[in-house]
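The values are calculated or read from the model by the stated rules, or taken from the named source; none is laboratory data. None of the values given here were measured: they were computed from a predicted structure. With ideal geometry, Cβ positions are generated from the backbone for all residues, glycine too; neighbour counts draw on all protein chains shown. In case anyone asks, the SASA skips ligands and DNA or RNA and just uses the protein heavy atoms, side chains included. Shrake-Rupley method; radii C 1.70, N 1.55, O 1.52, S 1.80 Å.
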Amino acid sequence: RIAVTNTWVNRLIGDQQHPSDLQWGANRAGRPLVRFPAWVIHQTPRPSKHRYTFETWNYYTKKSRLHSSGLFGPVRLTAVARVPVPAVQK
């Protein structure tokens, strides 16, 4: 089994594709969070079901360039040991 992971930056940019449920200020180096939302303070579900991340400073927009991630080829898999796998019982 091979698991490939994206970068945190790409996840932040991906979340920017959905409407924000946070209030942002303005700064030359990004946007600071104005205040913690009630759903964070009261530990209730987030209103935006499609956002995965929460940050207190926002450097990215939905048009930010994605970073390279994943497997960079050529990739070669080499077995180093044979391991018996038990049968799955139904």
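Taking every residue in the range 8-31 that is without any contact (Cβ under 8 Å) to a residue 40 or more places away in the chain and on the phi < 0 side of the Ramachandran plot and pairing it with any residue that is assigned to a loop (DSSP other than H, G, I, E, B) and open to solvent by 30 Å² or more (accessible area, probe 1.4 Å), at least 6 positions away or on another chain, the pairs with Cβ-Cβ distances below 7 Å are ASP15/TYR52; HIS18/HIS50; ASP21/ARG46; ASP21/PRO47; GLN23/VAL34; GLN23/ARG35; TRP24/VAL34; GLY25/VAL34.
The single condition among (1) more than 19 Å from GLN17 (Cα to Cα); (2) open to solvent by 100 Å² or more (accessible area, probe 1.4 Å) that LYS63 does not meet is (1).
Residues in the range 69-90 that are open to solvent by less than 90 Å² (accessible area, probe 1.4 Å) and closer than 25 Å to ASN6 by Cβ: SER69, GLY70, GLY73, VAL75.
Tell me the residue from GLN43, GLN17 that is of a type outside the set (D, E, K, R), out of contact with any Asp or Glu (no Cβ under 8 Å at 6 or more places or on another chain) and closer than 30 Å to ARG1 by Cβ, please. Step through it out loud before you land on a result.
Numbers: GLN43 fails: closer than 30 Å to ARG1 by Cβ.
On inspection, the qualifying residue turns out to be GLN17.
Scanning the range 1-42 for residues that are assigned to a strand (DSSP E or B) and at pLDDT below 90 yields ASN27, GLY30.
Condition check for TRP24 on (1) in contact with a strand residue (DSSP E or B) (Cβ under 7 Å, 6 or more places away or on another chain); (2) exposed (fewer than 12 other Cβ atoms within 10 Å of the Cβ): one failure, at (2).
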